[in-house]
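As structure tokens, the structure follows; a few thoughts come after it.
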Amino acid sequence: MRQLWETPGGVHPPENKVQSLKLGIGHLTIPQKLILPLVQHIGDAAIPCVAIGDVVLKGQKIASASGDLSAPVHAPTSGVISAIEDRPVAHPSGMSALCIEVTSDGEEHWIDLHGHAEYKQLSPQEVSHLIADAGVTGLGGAGFPSAAKLDNSRTRSIDTLIINATECEPYITADDILIRERAAEIIQGIDVISHVLDMPRRVLIGIENNKPEAIDALREACKSMAIEVVAIPTKYPSGGEKQLIYILTGQEIPSGQLPSDIGMVCVNSGTAFAIKRAVIDGQPLISRITTVTGGACRINRNYEVLIGTPVSHLLEENKFIRKNCSRLIMGGPMMGFSLGSSDLSVVKTTTCILAPSHSEIPEEDPQQPCIRCGLCAEACPASLLPQQLYWYAQSEDYERLQAHNLFDCIECGACSYVCPSNIPLVQYYRSSKGNIINSRNTKISAAKARERFEFRQVRLDKAEQAREVKRKARRITTEKAKTSNSSAADIINAANLRAKARQASPDQQKAKLERTLMAAKMRLEEAQERLVEAIKSGSAEQQAQQHASVEDARQKVEQTKRRLEEVIQ
Amino acid sequence: MVAGLSHYNKRMQEFAIILVSSILINNYVLVQFLGLCPFMGVSKKLESAIGMSAATTFVLTLTAMASYIVNELILMPLGLIYLRTIAFILVIAAVVQFTKMFIEKTSPLLYRVLGVFLPLITTNCAVLGVALQNANKDLNFMQSSLYGFGAGVGFSLVLIFFSAMRERLAAADIPQPFQGAAIAMITAGLMSLAFMGFSGLV
Amino acid sequence: MIELLTENIMLAALVSLVGLGVLFGGLLGYAAEKFKVESDPIVEKLDELLPQTQCGQCGFPGCKPYAQSIADGDAINKCPPGGQSTINAIAKLLDVAAPSLDEEHGEEEIRTVAFIREDECIGCTKCIQACPVDAILGAAKLMHTVIARECTGCDLCVEPCPVDCIDMLPIEEDIEQWRWSIPKKQHRLIATSSSAVHETLT
């Protein structure tokens, strides 16, 4: 029996997972239109590489990565690109972002796929390049581009690879069903990841003990391999990266650092599956398993959903009854966010669409004053002081918030869940984090502005000094001219000599005049064009005006030609 | 029991009693109600409270020692007991000036933060109180210094506790009529009640 | 000598106090030399808090001169681009009360960025000379344009432009810069009022 550690705090909300596990993974009909946002994760937006009207095949790249922290986007089905514009996206702000819309033709023509079953012969960089090209991002919720994460981790020599199959949030069963049905492929994916990470010493799969079938499936699939499947006690939020690493290894990630800093990497089981498909089968990430559940849907099950499928399409297939639904949630009940409309589309990080009935998740009770009971501190898995954070967030005391490690909060929602006064604690922390980040950015740009201002002062001072030097020199020469016994004619001669010396060389003059001539010719052409337009428009006044300007321009050209001839001679 | 202890232990016990007495039982701020001005004025922020308490402890200890010396060597032999107050004030003013220069040099920010309260340590009745009480009780040099140091530690203790509480109060949801000095006074009163529990300990 | 003093009390008092005064004066004078303070770094700290728009709305030609003036005792509420948050930060640093923004110097507005309408630009370089952070690119008789990322929104370029082709446009918030807002509190709550927030579907 492997030793396990227990994280502090945590809560046990009702699991509500059986509803969506009665049926296996389902497949939906292809929606008519699929909307793909260009940024579906933490990082930078991808850049479209197709145009409106292009015909695309299933799996064809339609947007390329714009840097290290970006992932490409692929067409989820064959069809035509019908729009590239700002559309509302599934984001807590409800704002719009650039999206590509694909109108499907129903044919599902794949591009030619090139799998690399012999990935072990490729170098880790090459395999990671395949993963990046396939647009694989973390499918557990945060959605960090996987290749970038693995590359960054490899540079720090990884000791332990942990596969996160915990799925601790209530209602969500996507990973559970994926493991039950496709455990072998997941194990293959884990193998690929190990190769990319230069074969870490040990590989652990952390899974909660409320998934016995999945545990059996995994154990069966990795029988002959050095992968250990570890069943951990069910508690929310044991699926958080920091929490899972602590439970399995007893090691804590220091504040502000990443798991790779202590030689660990945590990858979601769904991501491992996507990596297998990308590297071994050559398929880019165009679909994911999403749980559709909640009392307002008559059918609750998991689906393999094409990325970009509108949520309304999902809900229709599940016999959604709008009036029974209290609100539409993307994600789970603890960390998900409400959707303003069902026309928004599924993205790479959509683990679940939750449509609860009014009794399942009732309307929020209004917030009441904090009674300082301390239940939030008992529930916090990161050993923070939520009550203190709340008071300081209220009074906007950003110094004290940072002193109380605000940025170590994983926003799991356990504190809000237990609060007897219904205070939405996590919203306070998120808003404070945003304000602190904003003020940091303002400070940085203010420092830059100060630098530029100071440099400008230096520049102006230098120019002033140079002028002073010239002035002094001139004064000295005029003094000399005055004191020496030279007649007026001598002074004029000296001035003429100086003027000639300052004149540009004949070559330079010629070049300058040629440029002037070209510009004059261009202006003449423009004037002539305007004259033609004026004639077309029929206005006598305009015609007269344009005649005059054409004449002017012609004269200028003649003048410049003459001067050029003079210089050549 | 006292008779059975060695001389060293007796001295140690005596010092311990002096310290406990001046820090807790007869705390200068909450029991004797001296030095309330900086107690209220510099307790809004914890950092300034720590700085102030360090400065005041420094002043108190030096003053206790210097005033003892002035009393024993100049005032008592010349029979100028009635000049005690003035002489002690002179001593205190000099010590505070010295402290001010020292702080200005070592921590300009603290100097700025303490502002006018630093020279106002001169008028802190706790400092003059310690000096006069020591003189009245006819203590020796060691005992005087310990009283001074203990007074400083007691002042620091209470000031730091109070400023920590005031910081929490600043963030809390206080009803309008109580905001500001009112709730601070109430808190100080409750702290004082708590410290009264020490009376009769020694 | 001592007998003279003990007999003549007036003389004793005079001599002892004057003597003490001279002694302490000497000690303090020596200490003043030893603990001499060079400059006041508070100006640097104040300058760091100011928004660096160098707009001059405070009445000073830049942010550093205003910081110097604050260090000399000027009011801290003269900076409109900094807004109330800057006033609060300066108040915290100096440990004084935070007043509200002095309306005489302007109102706190949302941040804007300058934009030159290129069709109308005549290439006179007047705006380039006016910009305090060199955020305008261009040269004589060539097109001028504003580098939006470096523009601080001080709008010193709008006045000098002879054809009035510079607009101050507000910065639009996009999805990258969006941040969560603080939850609204509902006051005067009674237990039965539970039909408050209700999210509707479109």
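Structure above, values below:
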{"read-out": "Residue-averaged [θ]222 nm for the protein assembly as shown, counting only DSSP H segments that reach four residues, each worth -39500 (n - 2.57)", "value": "-15000 deg cm²/dmol"}
{"read-out": "Backbone HN-Hα couplings from phi across the range C:21-28 [Karplus 6.51/-1.76/1.60, Hz, Gly and Pro as x]", "value": "x, 5, 4, 5, x, x, 4, 5"}
{"read-out": "Cα-centred dipole magnitude for the protein assembly as shown, charges only on beta-carbon of K, R (+1) and D, E (-1), debye, nearest 20", "value": "2120 debye"}
{"read-out": "Net charge contributed by nearby residues that have their C-beta within less than 13 Å of residue C:116 (K/R +1, D/E -1)", "value": "-4"}
{"read-out": "Semi-axis lengths, Å, the range B:1-101, gyration tensor of Cα atoms, sqrt of 5 times eigenvalues", "value": "27, 24, 13"}
{"read-out": "Angle between chain A longest axis and helix A:488-502 axis [Cα atoms, degrees, rounded to 10]", "value": "30 degrees"}
{"read-out": "Surrounding net charge for residue A:421, when Lys and Arg each add one and Asp and Glu each subtract one, Cβ distance under 13 Å", "value": "-1"}
{"read-out": "Amide H contacts under 5 Å for residue B:118, placed H, 5+ residues apart", "value": "none"}
{"read-out": "Cut-off under 5 Å, modelled amide H: who pairs with residue A:342 long-range", "value": "C:202"}
{"read-out": "Burial ordering of A:440, A:219, fewest other beta-carbon atoms within 10 Å first", "value": "A:440, A:219"}
{"read-out": "Taking only Cα atoms of the range B:65-135, radius of gyration then Dmax in Å", "value": "14.0, 45"}
{"read-out": "Helix axis angle, B:7-20 relative to chain B longest principal axis, alpha carbon, degrees", "value": "30 degrees"}
{"read-out": "Charge dipole (debye, nearest 20) of the range C:25-138; +1 at Cβ of Lys and Arg, -1 at Cβ of Asp and Glu", "value": "320 debye"}
{"read-out": "Quotient of C-alpha Rg and 2.2 N^0.38 Å, computed over chain A", "value": "1.41"}
{"read-out": "Normalised per residue, the volume of the convex hull around the Cα set of the range A:371-447 (Å³)", "value": "79 Å³"}
{"read-out": "Lysines with Cα under 23 Å of residue C:34, excluding same-chain neighbours fewer than 8 positions away", "value": "B:100, B:105"}
{"read-out": "Whole-Hz ³J(HN,Hα) from phi, Karplus 6.51 cos²θ - 1.76 cosθ + 1.60, for the range A:113-124, glycine and proline x", "value": "9, 10, x, 10, 5, 9, 4, 5, 7, 8, 6, x"}
{"read-out": "Where GluC sites (Glu not before Pro) in DSSP loops with at most 13 other Cβ within 10 Å are excluded, longest remaining stretch of chain C", "value": "C:39-106"}
{"read-out": "Compactness index (Cα Rg / 2.2 N^0.38 Å), the range A:372-412", "value": "1.07"}
{"read-out": "The range A:15-88, Rg to Rh (Cα coordinates; Rh as Kirkwood inverse mean 1/r)", "value": "1.09"}
{"read-out": "P(r) histogram, all alpha-carbon pairs of the protein assembly as shown included - 10 Å bins from 0, percent", "value": "2, 8, 13, 14, 14, 14, 12, 10, 7, 4, 2, 0, 0"}
{"read-out": "Under 14 Å, Cβ to Cβ, from residue A:108 - net charge with Lys/Arg +1 and Asp/Glu -1", "value": "-2"}
{"read-out": "The range A:223-314, relative contact order [Cα under 8 Å, separation at least 6], %", "value": "13 percent"}
{"read-out": "Violating pairs (Cα-Cα greater than 22 angstrom) within the set A:211/A:348; A:521/C:141; A:33/A:61; A:22/A:211; A:33/A:323", "value": "A:211/A:348; A:33/A:323"}
{"read-out": "Hull volume in cubic angstrom per residue (convex hull over the Cα atoms of the range B:73-179)", "value": "150 Å³"}
{"read-out": "Table column - 3J(HN,Hα) (Hz), the range A:262-276, Karplus curve with 6.51, -1.76, 1.60, x for Gly and Pro", "value": "10, x, 10, 9, 10, 10, 6, 5, x, 5, 4, 4, 4, 5, 4"}
{"read-out": "Selection from A:100, A:30, A:83, by position along the positive dipole direction of the range A:1-158 (Cβ)", "value": "A:30"}
{"read-out": "For chain B, size of Cβ-based charge dipole, Lys and Arg +1, Asp and Glu -1, in debye", "value": "140 debye"}
{"read-out": "Rg(Cα) / (2.2 N^0.38 Å) computed for chain B, rounded to two decimals", "value": "1.10"}
{"read-out": "Listed residues B:153, A:326, A:497: farthest to the positive end of the dipole of the protein assembly as shown (Cβ charges)", "value": "A:497"}
{"read-out": "Degrees between helix C:83-94 axis and first principal axis of chain C (Cα, 0 to 90, nearest 10)", "value": "20 degrees"}
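Every read-out reported here was derived from the displayed coordinates using simple, explicitly stated rules and does not represent laboratory data. Computed from a predicted model, the values in this text were never measured in an experiment. Backbone-built Cβ (ideal geometry, glycine too); neighbour counts: all protein chains shown.
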